[in-house]
Amino acid sequence: MLAAAVQACSVVIHWLCALLTRQNPLEMKRVKVVVVGAGVVGSSTAVCIAETLTNCSVTLMGDRFTPDTTSDIAAGILICAPFPDIPLERQQKWFKDTIDHLLTIAQSEEASDAGVLLSSGWQLHKSVPVDKKPFWSEFVLGFRTMTDQELKRFPNHKFGQAFTTVKCECSNYLPWLEKRFRKAGGQVVKQKVNNLQELSTQGYDVIVNCSGLGAKTLVEDSQVYPVRGQVLKVHAPWLQHFIRDGEGQSYIYPGMHSVTIGGTRQADDWRLEPDPGDSQNILERCSRLEPSLRRARVLGVSVGLRPSRKNVRLERELLLLGGRQVDVVHNYGHGGWGVTLSWGTALEALSLVRQCLYQRPPSSRL
Amino acid sequence: MRVAVIGAGVSGLSTAQSIFEQYHSLIIPLTIEVYADRFTPLTTSDGAAGFWQPYLYDKGNVQETKWCKETFDYLLSFLRSPDSIKMGIFLQSGYNLCSESAPDPSFKDSVLGFRTLTERELELFPGYSYGWFNTALMVEGKTYLPWLMDWLRERGVKFYQRKIESFKELVDSGVDIIINCTGVRSGDLQFDPELTPGRGQILKVQAPWLKHWIITHSFTAGTYNAPYIIPGSQSVVVGGCFQIGNWSEQNNSEDHQRIWEAACKLEPSLKHAQIVEDWTGLRPVRSKVRLVRESMQSGQSKFEVIHNYGHGGFGLTIHRGCAQEAARLFGEILELKDWVPKSSL
């Protein structure tokens, strides 16, 4: 009853506004939203907005799309380290929202199309960590400490954690998200954005900034910096478990068609070309964790620059751009945890966009 | 001394291996011959998924549980060696699912990281309210058997492709000890009322996103008559068929349909999996494994037979434990016959 009454009032207000502003109510513009950046964060955010805010027209804009985004290089395993200054509860929600969303896909017919699979394995530590349970331990499945018998296989490690998480392969997931986005009426535009003013000139009312490393120049955020990661794809179909060395220096992530092994964490390193020394080093470290890798054929090498920041930036701002008031929602700086936090941060970005809309003048609220 | 092993499935080959390992330096010369009408990749062991797991409960056959654990530990010891891939051995974790709570299985102390499933994990499998998670081993027959044959060949073991019609045939040719690993067709050599085929049909599919085995258990339908999904290194085996007394080695389209539907219900992502082919095998089912030695007579000749057959759906799971026991029985024979000084065994 209440909902119907609210609906009725909205319609009346809409027509009154139209009358007052001398516009044809049926032609009044829908809110134009642009999501900048078509990596996993931008794509997820675009889908959330397009599917939920049906009164908005949503455009996904980027200079690079799958398979050329940073997300495409990522192994896509859901694990992460906490940001130092963001309340843990908030980060927990991001993780939980993402894994719950992906678990549903994993157990559906869409799993293989979307590139989502369950992955069990072990996280190893050379010494017993102070915090034996990472902040997301209750959101993955079956989290527990490794038994002594399990640790026997890893003579260089004294402590370990076993659990089941999700692997989300962006070379499948991004095209799958794009399909969903288009189905919800979204528009995809390949365009490099040099500054936010451009977007205001193009008539966008809300800009959702998911530009990752690009935010460094797009919004002049000096806190953004690359952390270079090199990975190898190897053929080792007998490997069914992930193995990760505590700090994430070395990892082995079996995927649908190959096993991703890595890695490197080179801060402020902008090199996109593979480094043969890094490849050698990665193979050596990972083979020590999993000797059978010495027999694995290397299929390829890739490099990605993690869009890092001390803390992810997920907040609103109201900017005056080219004489217009434009709402900007920032959602970037996920570092190596883009896939892991993609859906959760997208949902929060959606709620920030919603807030922007509620605070707009009535004419464009509908 | 001439030893003839009849049967070239996992039991025959691994028994030949154990005997060679333990006696080749004690008995000189020790000639081991393997006779079979079917060799890899056409044996029952080849078609099986290669998943190490005994039946949930051993029904008092504690010896079998011990042999299964011995096999697990033996295979596990190869994991850090470069040979593990050549042997077809690797770890895989997964889910055992039941529709009601059940006592812990016989193998809980043999596998790695055994635990009960959490509520959230059970949510992944609607229709199942209880179960366990653990890490177990895979030992793929199509890789393991060729590895065993190479191992044996390198050590002078000879292979003969022909069907042995009777023990007598081998004894007459001068064989001293016969190792009977004839699996489901042991009845052709010696009537055994307890041996019966447990027909299994499986579908091999391409579903490389699956990294866990999922075995469901129905206490009404019986072992392996409920759906199971076992990913391997090349493909995923989908099954759920255990027909006692059915000797047909032909693939059956009704079984195919039933198995496929049940598996897709269990794992919806299979909908987009490509089915490669079906395969049917006859599990050599018996109330318990026949692993004994028997003194027999043919005309004037007395000879010794060691029986090692009737491993049902757990041949790969139990093979090493049984092979070592068969080798121990071999030693008993040697002692009895004074073929070797007692002190050297």
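How large is the Kirkwood hydrodynamic radius of chain A, in angstrom, based on all distinct alpha carbon pairs?
It works out to 21.9 Å.
Need one value: the accessible area of B:ILE306 in square angstrom, 1.4 angstrom probe, rounded to the nearest 10.
My reading of the accessible area for B:ILE306 is about 0 Å².
Find the percent of Cα-Cα distances in the stretch A:97-205 that exceed 16 Å, and round it to a whole number.
71
Between A:ASN195 and A:ARG297, with labels modelled 7 Å along Cα→Cβ, what's the label distance in nm to one decimal, could you check?
In this crude spin-label approximation the distance works out to 5.2 nm.
At the nearest 100 Å², what buried accessible area, both sides summed, do you get for A and B when the probe is 1.4 Å?
3300
Using 1/(1 + (r/R0)^6) with R0 = 45 angstrom and r between the beta carbons of A:SER222 and A:LYS96, what's the FRET efficiency to the nearest 0.05?
Once the sixth-power term is evaluated, E becomes 0.90.
Would you rank A:ASP269, A:ASP85 by solvent-accessible area, highest first, keeping every protein chain in place and using a 1.4 Å probe?
Highest to lowest solvent-accessible surface, that is A:ASP85, A:ASP269.
Any chance you could check the stretch B:57-89 for residues losing 40 Å² or more of accessible area when the partner protein chains are in, compared with the chain on its own (1.4 Å probe)?
B:ARG80, B:PRO82, B:ILE85
Pick from B:GLU335, B:GLU70, B:GLU119: which residue has the top mean-square fluctuation in a GNM of chain B where Cα pairs under 10 Å get a spring?
Fluctuation is largest for B:GLU119.
With only Lys, Arg, Asp and Glu charged, each at its Cβ (+1 for the first two, -1 for the last two), find how big the charge dipole of the stretch A:264-366 is about the Cα centre; round to the nearest 20 debye.
260
If I take every Cα pair under 8 Å that is 6 or more residues apart in chain A, average their sequence separation and divide by the length, what percent do I get for the relative contact order?
24
Could you pull out which residues in the stretch B:39-68 have an amide N less than 20 Å from a spot 7 Å beyond the Cα of B:ALA102, following the Cα-Cβ vector?
Within reach of a label on B:ALA102, which here means backbone N under 20 Å from a point 7 Å along Cα→Cβ, the stretch B:39-68 contributes B:49-66, B:68.
So for the protein assembly as shown, taking the charge dipole from beta-carbon charges (+1 Lys/Arg, -1 Asp/Glu), which of A:THR69, A:SER120, A:GLY255 sits furthest toward the positive end?
A:THR69
Quick one: compute the contact order of chain B, relative version, from alpha carbon pairs under 8 angstrom and 6+ residues apart, as a percent.
25
Got the relative contact order for the stretch B:191-244 handy, in percent, Cα pairs under 8 Å and 6 or more residues apart?
Reported as a whole number, the value is 43 percent.
With every protein chain present, what is the per residue accessible area of the stretch A:230-273 (1.4 Å probe, Å²)?
Roughly 36 Å² per residue, with all protein chains present.
Which length gain, in nm to one decimal place, applies between B:GLU249 and B:LYS86 when the Cα-Cα distance is subtracted from 0.36 nm times their residue separation?
Residue separation times 0.36 nm, minus the Cα-Cα distance, leaves 55.8 nm.
Give me the percent of Cα-Cα pairs in the stretch B:192-244 that sit more than 18 Å apart, rounded to a whole number.
In whole percent, the long-distance tail amounts to 39.
So how strong a dipole does the protein assembly as shown carry about its Cα centre when Lys and Arg Cβ are +1 and Asp and Glu Cβ are -1, to the nearest 20 debye?
So the dipole magnitude of the protein assembly as shown works out to roughly 1180 debye.
Test of understanding: what is the full-extension gain from B:ASP188 to B:LYS66, defined as 0.36 nm times their sequence separation minus their Cα-Cα distance?
41.0 nm
Tell me, how many Å apart are the Cα centres for the stretch B:252-303 and for the stretch A:280-328?
With the stretch B:252-303 and the stretch A:280-328 each reduced to a Cα centre, they are spaced 47 Å.
With a Förster radius of 30 Å, plug the Cβ-Cβ distance of B:LEU336 and B:PHE78 into 1/(1 + (r/R0)^6) and report the FRET value to the nearest 0.05.
Once rounded, the FRET efficiency stands at 0.35.
May I ask which of A:LYS158/B:LYS86; A:LYS179/B:LYS86; B:LYS158/B:LYS302; B:LYS59/B:LYS163 have a Cα-Cα span longer than 31 Å here?
As for pairs spanning more than 31 Å Cα to Cα, those are A:LYS179/B:LYS86; B:LYS59/B:LYS163.
Test of the criteria: in the stretch A:89-188, which chymotrypsin sites (Phe, Trp or Tyr not before Pro) are in a DSSP loop and have at most 15 other Cβ atoms within 10 angstrom of their Cβ?
A:PHE135
Can you tell me the 0 to 90 degree angle between the C-alpha axis of helix B:62-76 and the longest principal axis of chain B, rounded to 10?
For B:62-76 against chain B, the angle is about 80 degrees.
Over the Cα atoms of chain B, what is the Rg over Rh ratio if Rh follows Kirkwood?
0.98
At a probe radius of 1.4 Å, what is the per-residue accessible area of B:TYR57, in Å² to the nearest 10?
Only protein atoms counted, so the area is about 80 Å².
Can you give the extra length, in nm with one decimal, that the chain gains between B:ASP172 and B:VAL292 once fully stretched, where that is 0.36 nm per residue apart less the Cα-Cα distance?
So the extension gain works out to 41.0 nm.
Between the DSSP loop rule and a limit of at most 12 other Cβ atoms within 10 Å, which GluC sites (Glu not before Pro) in the stretch A:298-359 are left?
Sites meeting the loop and neighbour criteria: none at all.
Could you tell me the distance between the Cα centroids of the stretch B:50-129 and the stretch A:190-250, to the nearest Å?
Taking the Cα centre of each part, the stretch B:50-129 and the stretch A:190-250 sit 41 Å apart.
Which angle from 0 to 90°, rounded to the nearest 10, does the C-alpha axis of helix B:253-266 make with the longest principal axis of chain B?
So the helix axis and the longest Cα principal axis differ by about 60 degrees.
Take the Cα coordinates of the protein assembly as shown, assign each an equal point scatterer, and use the Debye formula without solvent to give log10 I(q)/I(0) at q = 0.07, 0.10, 0.12 Å⁻¹.
-0.58, -0.98, -1.25
Average projected area of the Cα convex hull of the stretch B:205-345, in nm²?
12.6
Count charges around A:VAL140 for me, please; just the other residues with Cβ under 13 Å from its Cβ, Lys/Arg as +1, Asp/Glu as -1.
Residues near A:VAL140 contribute +3 overall.
Please report, in debye to the nearest 20, how large the charge dipole of chain A is about its Cα centre when each Lys and Arg carries +1 at its beta carbon and each Asp and Glu carries -1 there.
Charge dipole, chain A, about its Cα centre: 100 debye, nearest 20.
The values are calculated or read from the model by the stated rules, or taken from the named source; none is laboratory data. Keep in mind it's a predicted model, so treat the numbers as computed, not measured. We place every Cβ from the backbone using ideal geometry, glycine too, and count neighbours over all the protein chains shown. For the accessible areas, the whole protein counts, side chains as well, though only heavy atoms, and no ligand, DNA or RNA atoms are used. Shrake-Rupley method; radii C 1.70, N 1.55, O 1.52, S 1.80 Å.
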